[in-house]
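Worksheet: one structure, shown below.
The values are calculated or read from the model by the stated rules, or taken from the named source; none is laboratory data. Bear in mind that the values here come from a model prediction, so they are computed numbers and not experimental data. Cβ coordinates were reconstructed from backbone atoms using ideal geometry, including for glycine residues, and neighbour counts include every protein chain displayed.
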Amino acid sequence: MEKEPLVINLGFVNAFLLHSADGCILIDTGVPRQWPQLENDLVQAGCLPERLKLVIVTHGDFDHAGNCAELQSKYGAKIAMHAGDVDMVKTGILVRRKIKGVMGRLLMWIGGRAIKGFTTFQPDILLEDGQVISLYGLTVKIIHTPGHTKGSIALLTDYGRLFVGDTLSNRFHPGFPPLIENEEELHKSLEILKRTDAKLIYPGHGRPFTFADLASATE
């Protein structure tokens, strides 16, 4: 049976740890200044140094990919992500996006400051839509969900847990993120995610929610 994921609260962003008796998969890594907390939480969970072999990044923004370089260099962890966001992590340059509301402007301001501490890296594995990853008795399906960024992905487990990065957010209520690269693609991605019949959605920001919660918030 699939274990409950460990939610690693890194301030305003979440990372998630999928763990079994044989090993661990980390989803996202937080911003660089949160490295000490992330490292400590992974050690306390028993996933460092030898049991964490794969890190899956939902997209290339600094608050999700911020500690990938540390995990690569210090622990030899393999970093996996979609090819659409590789340029972001190789150059450290944020993509231009439509900014919605005060929260969107605040996030862009924070991003412009925090990106200065970001260490660029080259991912080890490029993921594709529909790809299934099975490691340590853990299985996740990759779903390409462009819109927030062109390389955004979601991860669906066998037990209906859906990790969506910033394709959906729940800072105040479930909905779309305040930063959008392509709104039309984002709506298409949401329709794809709805067809998964996921039981619980884990966003990069905020608490888990269901598709019923999302529908209620957007009525």
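Please count how many residues of the range 1-23 are at pLDDT 95 or above and touching a Leu at 6+ places or on another chain (Cβ under 9 Å).
Number satisfying all stated conditions: 8.
Taking the range 79-97 as the search range and keeping residues that are exposed (fewer than 14 other Cβ atoms within 10 Å of the Cβ) and not in a helix (DSSP H, G or I), which one is modelled with the lowest pLDDT?
That would be R96.
Of the numbered conditions (1) charged (D, E, K, R); (2) touching a residue at least 40 places away in the same chain (Cβ under 8 Å); (3) within 21 Å of I79 (Cβ to Cβ), K141 satisfies every one except a single condition; which is it?
It is condition (2) that K141 fails.
G147 passes all but one of (1) small (G, A, S); (2) assigned to a strand (DSSP E or B); (3) on the phi > 0 side of the Ramachandran plot; which number fails?
Every condition holds for G147 apart from (2).
Let me spell it out: the conditions are (1) surrounded by fewer than 17 Cβ atoms within 10 Å (Cβ to Cβ); (2) among the hydrophobic types (A, V, I, L, M, F, W, C); (3) in contact with a Phe, Trp or Tyr (Cβ under 9 Å, 6 or more places away or on another chain), and A65 meets all of them except one. Which number is the exception?
Condition (1) is where A65 drops out.
When residues of the range 1-36 are filtered for being in a helix (DSSP H, G or I) and free of Cβ contacts under 8 Å to residues at least 12 places away in the same chain, how many remain?
Narrowing the range 1-36 to residues in a helix (DSSP H, G or I): 32-36.
Going one step further and asking which of them are free of Cβ contacts under 8 Å to residues at least 12 places away in the same chain, we end up with 36.
Residues in the range 1-36 being in a helix (DSSP H, G or I) and free of Cβ contacts under 8 Å to residues at least 12 places away in the same chain: 1 in total.
So which residues in the range 150-195 are buried (at least 22 other Cβ atoms within 10 Å of the Cβ) and assigned to a loop (DSSP other than H, G, I, E, B)?
G151, S152, D166, T167, L168, P174, P177, P178
Looking only at residues in the range 196-208 that are of a type in the set (D, E, K, R) and farther than 12 Å from P174 by Cβ, which one is surrounded by the fewest Cβ atoms within 10 Å (Cβ to Cβ)?
The first filter runs over the range 196-208 and keeps only residues of a type in the set (D, E, K, R), leaving 197, 199, 207.
This time we only want the ones that are farther than 12 Å from P174 by Cβ, so: 197, 199.
On the way: D197: 10, K199: 13.
So the residue we want is D197.
Which count do you get for residues in the range 150-178 that are over 17 Å from D129 (Cα atoms) and among the hydrophobic types (A, V, I, L, M, F, W, C)?
Total satisfying the criteria: 3.
Residue check, K100 against (1) basic (K, R); (2) touching a Pro at 6+ places or on another chain (Cβ under 6 Å); (3) at pLDDT 90 or above, all met but one. Which one?
Result: K100 fails condition (3) only.
Test F121 against the criterion of being in a loop (DSSP other than H, G, I, E, B), surrounded by fewer than 23 Cβ atoms within 10 Å (Cβ to Cβ) and at pLDDT 95 or above, and give yes or no.
Details: in a loop (DSSP other than H, G, I, E, B): yes; surrounded by fewer than 23 Cβ atoms within 10 Å (Cβ to Cβ): yes; at pLDDT 95 or above: yes.
In short, yes.
Restricting the range 2-36 to residues that are among the charged types (D, E, K, R) and closer than 25 Å to G160 by Cα, which is surrounded by the most Cβ atoms within 10 Å (Cβ to Cβ)?
Step one: list which residues in the range 2-36 are among the charged types (D, E, K, R), which gives 2-4, 22, 28, 33.
Adding the requirement that they be closer than 25 Å to G160 by Cα leaves 2-4, 22, 28.
On the way: E2: 14, K3: 13, E4: 10, D22: 10, D28: 27.
The residue in question is D28.
Looking at E50, E39, which one is surrounded by fewer than 14 Cβ atoms within 10 Å (Cβ to Cβ) and either free of Cβ contacts under 8 Å to residues at least 40 places away in the same chain or assigned to a strand (DSSP E or B) (or both)?
Among E50, E39, only E50 is surrounded by fewer than 14 Cβ atoms within 10 Å (Cβ to Cβ) and either free of Cβ contacts under 8 Å to residues at least 40 places away in the same chain or assigned to a strand (DSSP E or B) (or both).
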